[in-house]
Amino acid sequence: MGIMTSSAFETTRPDPIAYLDRLAGTDLGRSYKRLMLEELGVRAGQTVLDLGCGPGTDLGSLADAVGSGGAVIGVDLDEAMVDTARERTADRPVVEVRLGDVHDLPLADGVADRARTDRVLQHVADPVRALGEIRRVLRPGGRLVMGEPDWETLAIDHPDGGLSRAYTRHVADKVIRNASIGRQLARLAAGAGFSVPAVLPVTPVFRDVRAADRVLGLERTTGRAVDAGYLTGEEARRWLDHLTSGPFLAAVTFYIVVAES
Ligand SMILES: C[S@@+](CC[C@H](N)C(=O)[O-])C[C@H]1O[C@@H](n2cnc3c(N)ncnc32)[C@H](O)[C@@H]1O
């Protein structure tokens, strides 16, 4: 449905690659990716996997970290992502990009020293199986760093708290397949046989509705909440009107989880 309340909101859904590029280019994107890279502790000469590598966002920084004697393998299920990742890393001889599924990785046992997943496990059909696969392809003593949001923690300020709760409940129930994966990762990784030395929360606070909209797609998602019966049309208008008129605040917790095999 079209609610069309304010020019603050993006009206069309961005292309998936443009969306990922845009987020990676924000201060938030750069800072959490830097933290994930630090936690990965890559050494020269190592073999590093980026599982669900998208358009190759992190392959360059991983290539810098392993140096000319190492290897970086990106894996993604989506052909357009793989094609773009290959184009963008064509000048990086240590990088290889494979079409593949994190549930059934096209990799031999114990080949990798390090692996990362960045906003991938929130979307997969079976995170437990994916973690088992990642453990299989890591060598003993290898390290996995995961970064996933917990959408149940999405807090958007509104004078009518019921609308905020309904909005978040819709996102958690209907928009993201594994919405509370962030808080579950440490337990799921332990269940897959990893030790989990660190869990680092990153909680961006958005005080600019436009910046939040670029990440959250507020108007589009509100339209879906109406279609799914979480908000009435009138509630949706009150919700969006306030988001653009009053001081805005939204926050969501993103968990970075370090796991060792
Ligand atoms: C939110 S994007 C993140 C991309 C990249 N990690 C980044 O930070 O820019 C999620 C990516 O996971 C990929 N993906 C989803 N399910 C997958 C699966 N089962 N196996 C491999 N890749 C998958 C998608 O195609 C998409 O490129």
*Lys and Arg at +1, Asp and Glu at -1: add these up for the other residues within a Cβ distance under 13 Å of ARG237 and post the number.*
-4
*Which percent of the accessible heavy-atom area of the chain goes to carbon and sulfur, probe 1.4 angstrom?*
49 percent
_For GLU38, net neighbour charge (Lys/Arg +1, Asp/Glu -1) across residues whose Cβ lies under 15 Å away_ = +3
*Only Lys, Arg (+1) and Asp, Glu (-1) charged, at Cβ; the chain dipole about Cα centre in debye*: 440 debye
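On alpha-carbon atoms, Rg over Rh for region 16-260 using Kirkwood Rh? Show your work: numbers first, answer last.
On the way: Rg = 18.9 Å, Rh = 18.8 Å.
Expressed as Rg/Rh, it is 1.00.
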*Nearest-5 percent of antiparallel DSSP beta bridges in the chain?*
50 percent
*Around THR89: net Lys/Arg minus Asp/Glu count, Cβ-Cβ under 13 Å*: -4
*Find how much the distance from ARG43 to ASP126 grows on full extension, using 0.36 nm per residue of separation minus their present alpha carbon separation; answer in nm with one decimal.*
26.8 nm
*What is the distance, in nm, between label points placed 7 Å from the Cα along the Cα-to-Cβ direction at ARG177 and at ARG13?*
1.5 nm
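Can you give the accessible area per residue of the chain, in Å², using a 1.4 Å probe? Working shown, then result.
Numbers: 11540 Å² over 261 residues.
With the other protein chains kept in place, the chain gives 44 Å² per residue.
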_I'd like to know which of THR12, TRP239, VAL66 lies farthest towards the positive end of the charge dipole of the chain, counting +1 on Cβ of Lys and Arg and -1 on Cβ of Asp and Glu._
VAL66
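The values are calculated or read from the model by the stated rules, or taken from the named source; none is laboratory data. Keep in mind that this is a model prediction, so the values were computed, not measured. Virtual Cβ from ideal backbone geometry, glycine too; neighbours counted across all protein chains shown. Note: areas computed on protein heavy atoms with side chains; ligands, DNA, RNA excluded. Shrake-Rupley method; radii C 1.70, N 1.55, O 1.52, S 1.80 Å.
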